[in-house]
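Read-outs throughout are calculated quantities, based only on the coordinates presented, and are distinct from any laboratory measurement. Quick caveat, the model's predicted, so the values are computed rather than measured. Quick reminder, even Gly has a Cβ in these numbers, built from the backbone with ideal geometry, and neighbours come from all protein chains shown.
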Amino acid sequence: MNIREQLLTSQTRRAFLQGSTLGIGSIALGELQASEAKKDPISRTPVGGMKGLPHFPPKVKRVIYLFQSGGPAQMDLFDYKPELSKRFGEEVPTSVYPDERKTTMTSGQKSFPVAPSSLKFSQHGQGGIWMSEPLRHLSGVADDLCVVKSMYTEAINHDPAATLFQTGSVIAGRPSMGAWVSYGLGSENENLPSIVALTSNGTAKQGQPLYDRLWGAGFLPGRFQGVKFRGQGDPILDLYNPSGMTREQRRRTLNSLEQLNQQQANRFNDPAIATRIAQYELAFRMQMSVPELIDVSNESETTLEMYGPQCTQVGKYAYNCLLARRLAERGVRFIQLYHRGWDSHNNAPKSVKAQCSDTDQATAALIKDLKQRGMLDETLIVWGGEFGRTVYCQGKLAKENYGRDHHPNCFTYWLAGGGVKGGFSYGETDDYSVNVAENPVHVHDLQATILHQLGIDHEKLTYKHQGRYYRLTDVHGKVVTDLLS
């Protein structure tokens with residue numbers, strides 16, 4: 001075929017379609033990628049929040065969530081059941097606690113004897129809130145607490161139960177509560193993340209593993225994920241410049257890297273590249289803000305004494321509580337503390353006392369510290385674990401030594417701070433502290449209430465993923481207005 005014939009052939013419709021298939025496919029692929037990149041087509045405020053949010057005037061600016069990993073025993077802390085002492089060693093009726101609600105760790109036991117709390121209880125504050133003896137510091141701020149005795153969940157094992165509280169689903173992969181808040185409201189400090197996670201271990205044991213997904217972004221854009229501060233060494237890996245590199249050199253390096261990333265972002269419309277650019281810039285700004293943040297040496301002696309002797313030891317719960325106040329002062333929106341060690345399958349009295357020794361003073365100090373600085377009214381503090389513990393004994397029962405298995409049917413949370421009733425106890429459990437008897441509060445109800453205090457309608461904060469709209473509270477949840485002042 002000569003050149004003239006080749007030219008004529010290439011101009012036919014069939015030749016055009018055959019030769020341009022890849023090109024048309026590339027155009028289609030590009031459109032799909034652009035569509036993916038526009039999954040968050042939100043007009044945002046100067047602080048990175050969604051325009052139109054908050055939906056109504058918020059009661060608080062921030063949340064400090066003190067998550068007690070492992071499941072604190074409600075009847076050893078807040079849910080006082082004096083009549084159980086008369087039933088010591090009796091079998092818990094199957095009508096009260098059926099076999100299908102027992103875990104495999106205890107379902108094979110031949111006996112399920114009642115294990116009353118060996119800890120002494122007393123009432124505190126004007127509201128007369130019942131607390132056990134290891135909570136001697138928290139009892140001093142009883143009138144700031146809104147105690148919810150009627151929490152319940154469906155999950156009976158640690159990981160799915162914790163994941164449900166933190167992300168609204170027992171299935172991993174959903175955005176954390178902090179990520180939803182960051183997505184909706186943005187950040188108040190461009191030099192720090194809008195979500196910070198801090199972890200600590202109880203003196204009794206290491207406890208359950210804590211996965212990054214508990215403060216992760218899930219299917220939201222990655223820039224809304226939380227940042228974990230490590231409990232040893234550098235608070236954030238690779239935050240500081242390597243030896244021999246100055247800050248000016250780092251700035252020039254990031255400028256060049258941003259140009260390359262921006263070229264790729266313009267070419268592929270990949271939202272992950274935009275996230276990478278934003279995170280590089282945040283890390284650069286954090287190099288200046290984090291060292292000052294974590295240095296507690298400028299705190300007064302009075303403040304350090306209030307939080308206790310461990311508040312200067314990096315990685316301890318008391319240090320994390322002090323750091324939480326410092327983060328709150330600097331505008332961090334969602335501060336998440338995880339304290340492990342509440343999983344008391346044996347020797348529960350000793351374990352509960354040890355955990356309270358780790359946490360009680362610093363928790364009370366955080367409330368008092370925020371209050372004296374005029375910050376408690378604009379902060380919501382949330383305390384609780386992934387579930388409660390059984391009234392029956394796991395293993396051998398003794399007066400001062402008993403174990404408790406996982407229990408999702410009822411357990412205790414408390415709130416303090418802006419917009420909640422202080423010195424208030426809500427909900428009741430049955431005589432065995434096995435089921436909710438009055439005013440049940442589901443996990444999604446708690447989440448809806450937390451969002452409400454931040455000025456967010458939990459039904460309207462949604463994100464489209466894989467063809468459907470998701471929200472933190474799934475298709476459930478109602479604001480528990482009885483808790484609100």
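Computed over segment 363-485, the convex hull of the alpha-carbon atoms projects to a mean area of 10.7 nm². Of the residues 474, 360, 212, 99, the one with the fewest other Cβ atoms within 10 Å heads the list, and the complete ranking is 99, 212, 474, 360. Of the residues 278, 309, 294, the one whose Cα sits farthest towards the positive end of the charge dipole of segment 259-330 is 278 (charges of +1 on Lys and Arg Cβ, -1 on Asp and Glu Cβ, taken about the Cα centre).
Set against the labelled values [x] 1.04; [y] 1.15; [z] 0.95, Cα Rg over 2.2 N^0.38 Å computed from this structure falls on [y].
Which entries in the list 81/316; 228/350; 81/149; 228/353; 228/316 go over 21 Å, if you measure between the two C-alpha atoms of each? 81/316; 228/350; 228/353, as the Cα separations exceed 21 Å there. Can you spot the aspartates and glutamates whose alpha carbon is less than 20 Å from residue 464's alpha carbon? Ignore those fewer than 8 places along the same chain. Of all the aspartates and glutamates, those that pass the test against residue 464 - Cα under 20 Å, at least 8 places apart if same chain - are 31, 36, 40, 270, 474.
Screening the chain for DSSP H helices whose Cα atoms reach 20 Å or more along their own axis and whose mean Kyte hydropathy is at least -0.5 gives 21-37, 271-294.
Using the Cβ atoms and a cut-off under 13 Å, what net charge is assigned to the surroundings of residue 177, where Lys and Arg are +1 and Asp and Glu are -1? Intermediate results must be reported in sequence, preceding the final value.
Details: positive: 62, 174, 213, 333, 471; negative: 474.
Its environment carries a net charge of +4.
Within the chain, antiparallel bridges make up roughly 50 percent of the DSSP beta bridges whose residues both belong there.
Neighbouring Cβ atoms within 10 Å as the yardstick, rank 149, 102, 110 fewest first. Walk me through the numbers before you get to the answer.
On the way: 149 26, 102 20, 110 4.
Sorted ascending by nearby Cβ count, the order is 110, 102, 149.
What is the sum of charges around residue 137, taking Lys and Arg as +1, Asp and Glu as -1, for the other residues whose C-beta is under 13 Å from the C-beta of residue 137? Walk me through the numbers before you get to the answer.
On the way: positive: 136, 368; negative: 133, 144, 305, 358, 360, 369.
Net of charged neighbours comes to -4.
Sorting the Cα pairs of segment 151-306 by distance into bins of 5 Å, from 0 upward, gives 2, 8, 13, 15, 17, 16, 13, 9, 5, 2, 1, 0 percent per bin.
Among 414, 383, which comes first, second and so on when ranked by fewest other beta-carbon atoms within 10 Å?
By the 10 Å Cβ count, ascending, the order reads 383, 414.
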